[in-house]
Amino acid sequence: MVHPDLASLYERYGYAVYRRCRYLLGTDDEAWDAVQEVFLRADAGLARFEGRASPRTWLDTIATRHCLNVLRAGRVRGGRGLTDAAALDEAGGLSDLYPAGDPAVVSALTVRTLLSQFDSQTQEAAVFYFVDELSQEDVATRVGLSVPTLRKRLNAFLERARRHLAGTDLAQRRRDGSSGSSGGASPLGGASPLGGADPAKRGGGAEQ
């Protein structure tokens, strides 16, 4: 097969890789450093690229794994990274990457906030499933899990996300001085940013 050259990959997908790195790492400087590393790794792996996935999918996978490794290493070296979700949200607002009011912002921030509470495979799976909205079969292939095992991990992540959103909603109502149930849509209901991502309802496929 004809392999794409690095320059054409960067021209076509460079900004998409930057968005993924900025989302996970939170700052421009760290994101652009990561972009350089991602394309260096892509260059080293071009000869082995078999075309089973699209170049975009391949680059997204490299970027996600690299950025999660950076965050885990940051936690060990300097007490930063995945252990400090509040600092991540503070430093890495996504308003310049997503339209204002886009439910994807809340969903993406929720996933990113909870990543530190899970193992590396589940971290990758959560990003691919809840943020990229890939099917369970595609995610399972990427992270090396069976679909039933993946579904259990996604359900655990979703339950943690619902508790997080419920706590955030309650705290906001207390700050607003309101009590009782909110008049708007519950963050746990169908209007939830993660509400349509229930592993029991999307991309399940038959269990093997």
Handout entry: Hits in the stretch 1-56 - residues which are part of a helix (DSSP H, G or I) and aromatic (F, W, Y)
Key = Y10, Y13, Y15, Y18, Y23, W32, F39
Exercise for the section: Would you confirm whether any residue within the stretch 27-50 is at pLDDT 90 or above and in contact with a Gly (Cβ under 8 Å, 6 or more places away or on another chain)? Expected result: yes
Practice task
Check P187, P148 and return the single one that is outside the structural domain of A63 (by TED's automatic domain parsing), at pLDDT 60 or above and farther than 19 Å from A53 by Cα.
Solution key: P148
Problem - Residue count for the stretch 112-137, restricted to those that are under 17 Å from R162 (Cβ atoms), among the β-branched types (V, I, T) and touching a residue at least 60 places away in the same chain (Cβ under 8 Å) - result: 1
Handout entry: Every pair of residues 6+ apart whose Cβ atoms lie under 7 Å, when the first sits in the stretch 59-74 and is in contact (Cβ under 8 Å) with a residue 24 or more places away in the chain while the second is of a type in the set (S, T, Y) and part of a helix (DSSP H, G or I)
Key = L59/Y13; L68/S120
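Yes or no, residue by residue, for (1) crowded, with 17+ Cβ neighbours inside 10 Å; (2) in contact (Cβ under 8 Å) with a residue 60 or more places away in the chain:
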{"position": "R22", "(1), (2)": "yes, yes"}
{"position": "L25", "(1), (2)": "yes, yes"}
{"position": "V35", "(1), (2)": "yes, no"}
{"position": "L40", "(1), (2)": "no, no"}
{"position": "A47", "(1), (2)": "no, no"}
{"position": "E50", "(1), (2)": "no, no"}
{"position": "A53", "(1), (2)": "no, no"}
{"position": "R56", "(1), (2)": "no, no"}
Exercise for the section: Restrict the check to the stretch 110-122 and report whether at least one residue is of a type in the set (A, V, I, L, M, F, W, C), within 25 Å of L158 (Cβ to Cβ), at pLDDT 90 or above and not assigned by TED's automatic domain parsing to the domain that holds Y10. Expected result: yes
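The values are calculated or read from the model by the stated rules, or taken from the named source; none is laboratory data. Small disclaimer: the values here were computed from a predicted structure and weren't measured. We place every Cβ from the backbone using ideal geometry, glycine too, and count neighbours over all the protein chains shown.
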